[in-house]
1. Taking the residues in region 39-81 that are over 16 Å from the mean Cα position of the chain (by Cα) and of a type in the set (S, T, N, Q) as candidates, determine which candidate is nearest to Gly27 (Cα to Cα).
2. Mind checking which pairs have a first residue in region 186-204 that is at negative phi and a second that is open to solvent by 30 Å² or more (accessible area, probe 1.4 Å) and among the aromatic types (Phe, Trp, Tyr), Cβ under 8 Å, 6 or more apart or different chains?
3. Would you check which residues across region 264-287 are closer than 19 Å to Ser351 by Cα and in contact with a Phe, Trp or Tyr (Cβ under 9 Å, 6 or more places away or on another chain) and list them?
4. Any residue that is hydroxyl-bearing (Ser, Thr, Tyr), open to solvent by less than 50 Å² (accessible area, probe 1.4 Å) and not in a loop (DSSP other than H, G, I, E, B) - is there at least one of those in region 8-31?
5. Hand me the list of strands (runs of 3 or more DSSP E) wholly inside region 215-329 holding 2 or more residues that are closer than 25 Å to Tyr186 by Cβ and of a type outside the set (Ser, Thr, Tyr).
6. Got a number for residues in region 346-367 being buried (at least 24 other Cβ atoms within 10 Å of the Cβ) and either in a helix (DSSP H, G or I) or among the polar types (S, T, N, Q) (or both)?
7. Take region 177-223 and flag every residue that is of a type outside the set (Ser, Thr, Tyr), over 25 Å from the mean Cα position of the chain (by Cα) and either open to solvent by 10 Å² or more (accessible area, probe 1.4 Å) or under 22 Å from Val81 (Cα atoms) (or both).
8. Would you mind stating whether Val332 is β-branched (Val, Ile, Thr) and outside any strand (DSSP E or B)?
Amino acid sequence: MARLFGTDGVRGIANVELTCEMAYRLGQAAAIYLGKTIVVGRDTRRSGDMLGAALSAGIMSAGGTVLEAGIIPTPGVALLVREMRAAGGAVISASHNPPEYNGIKFFDAQGFKLPDAVEDEIEAFIVNGGLEGEAAAAEEAAWSAAQAAAPDAPADATSYLASEIKMPAGAEVGVVIPLENACDIYIDHAACSIEEQGISFKGLRIALDTGHGASSLTSPEALRRLGAEVSVINDDFDGMDINVRCGSTHLEPLRALMAETGADVGIAHDGDADRVMLMAPDGTEIDGDMVEAVCALDMRERGVLAGDTVVSTVMCNFGFVRAMKEMGINVVQTKVGDRYVLEAMREHGYSIGGEQSGHMILLDHNSTGDGLMTACQFLAAVIRSGKPVAEAIQVMEKMPQTLINVRVNDKHAVEDSAEVAAAVASAEEALGEDGRVLLRPSGTEPVVRVMVEAVDPAAAQAHAEAIAAVVEACA
């Protein structure tokens, strides 16, 4: 059986793959494995209400208390867990995925994502039928022992279990407590991080695309509080428009808004705003690698770059690695997934890590990827540099990179495919030291990602298309 948890929680098409029963069991697991007080937030998806109700019911059925944050960015939940001194947090979101998808991910009491070992325990709990299933199994064993010891024991397990199973009842059943000012706490946290540095965004014109997602309630207000002139699009939502041809994965609307408003910088979030993509006035896309490079250099100059080291993944652009080394900054690369970036950061005490996709973890400010905080710290670094955005990002030069997402039936089939291995080997031989190939299954979708970097962009495109064709045929 495939692992229940992907690289970022449990995901699937809502009410088909991610069912209410699953959400209910996950709620029970949260109260049992994390603790009795759980902050619950969600993005703007139509299915968020449904799955939120089921998740909260599960938490309460196990005797837990739900601190209901409502619609709020994922990093807001991580922050609230700490601010409310809760035992953990749960976010109902499928991040950048289409509206019909949804997901559930958890944070521990410190606002960090759960390690694999804890997720494995939760998965075992789900497979065993949740609290009721575990209670039934325990009582089945007790009944068997009782029947063996007493000939007059009930004639069947059902009648015995009916009298012996104990679920929380009465005053032991949990409740929901609304957090009326949840978004305000998150907005204040982001804004204060800049105000404390003596930085103002006054005079800065920002084009903002919130992607019909959770940041619609937070990013515009935070940036305006800091003094920026903000033009925002896609800040309404109906539950079925989140991420649809907008936000951090579709930058065309942001590019049009920048041209219309003459903005100094563009900002785009995904549905739950744990990531951010930016844009220079000339339309240059500023991805996570470029943001991390600018922030890392600024942090080093201020003496707050722990170990003079940054953390990224194997998917980062080679231009980023080269730029960091030229600046005397070490680069640690991990498997793809911000959880693995975070593990390396926590293990060694590093302060910044990120992914090309726009996830950025700034441990001095939050415990998880935070799109608003990242945008704010990037803009503060640019302001300190005294340069316009387009010039500030020239601290690194990107190597041409082609990424093709191949939708497949079995994303793990490529791992054992001789044909795919041969195609990759052929490309690597042709590229030599002037490029690289990376092939990996998505952790959240039925997709295999084919990435090729090369000095010659035409070569990168050609090799990526050739490998993608083999992957599509084999998987």
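1. Ser56
2. Pairs that qualify, where the first residue is at negative phi and the partner is open to solvent by 30 Å² or more (accessible area, probe 1.4 Å) and among the aromatic types (Phe, Trp, Tyr): there are none.
3. Val276
4. Checked region 8-31: no residue is hydroxyl-bearing (Ser, Thr, Tyr), open to solvent by less than 50 Å² (accessible area, probe 1.4 Å) and not in a loop (DSSP other than H, G, I, E, B).
5. It comes to 229-233, 265-269, 276-279.
6. Summing the residues that are buried (at least 24 other Cβ atoms within 10 Å of the Cβ) and either in a helix (DSSP H, G or I) or among the polar types (S, T, N, Q) (or both) in region 346-367 gives 1.
7. Of everything in region 177-223, those that are of a type outside the set (Ser, Thr, Tyr), over 25 Å from the mean Cα position of the chain (by Cα) and either open to solvent by 10 Å² or more (accessible area, probe 1.4 Å) or under 22 Å from Val81 (Cα atoms) (or both) turn out to be Ile177, Glu195, Glu196, Gln197, Gly198, Ile199, Lys202, Gly203, Leu204, Arg205.
8. Against the criterion (β-branched (Val, Ile, Thr) and outside any strand (DSSP E or B)), Val332 does not qualify.
The values are calculated or read from the model by the stated rules, or taken from the named source; none is laboratory data. Note that the coordinates shown come from a computational prediction; the quantities given were computed from them, not determined experimentally. Using ideal geometry, Cβ is built from the backbone for each residue, glycine included, and neighbour counts are taken over all protein chains shown. Ligands, DNA and RNA are excluded from the accessible area calculation, which covers all protein heavy atoms including side chains. Shrake-Rupley method; radii C 1.70, N 1.55, O 1.52, S 1.80 Å.
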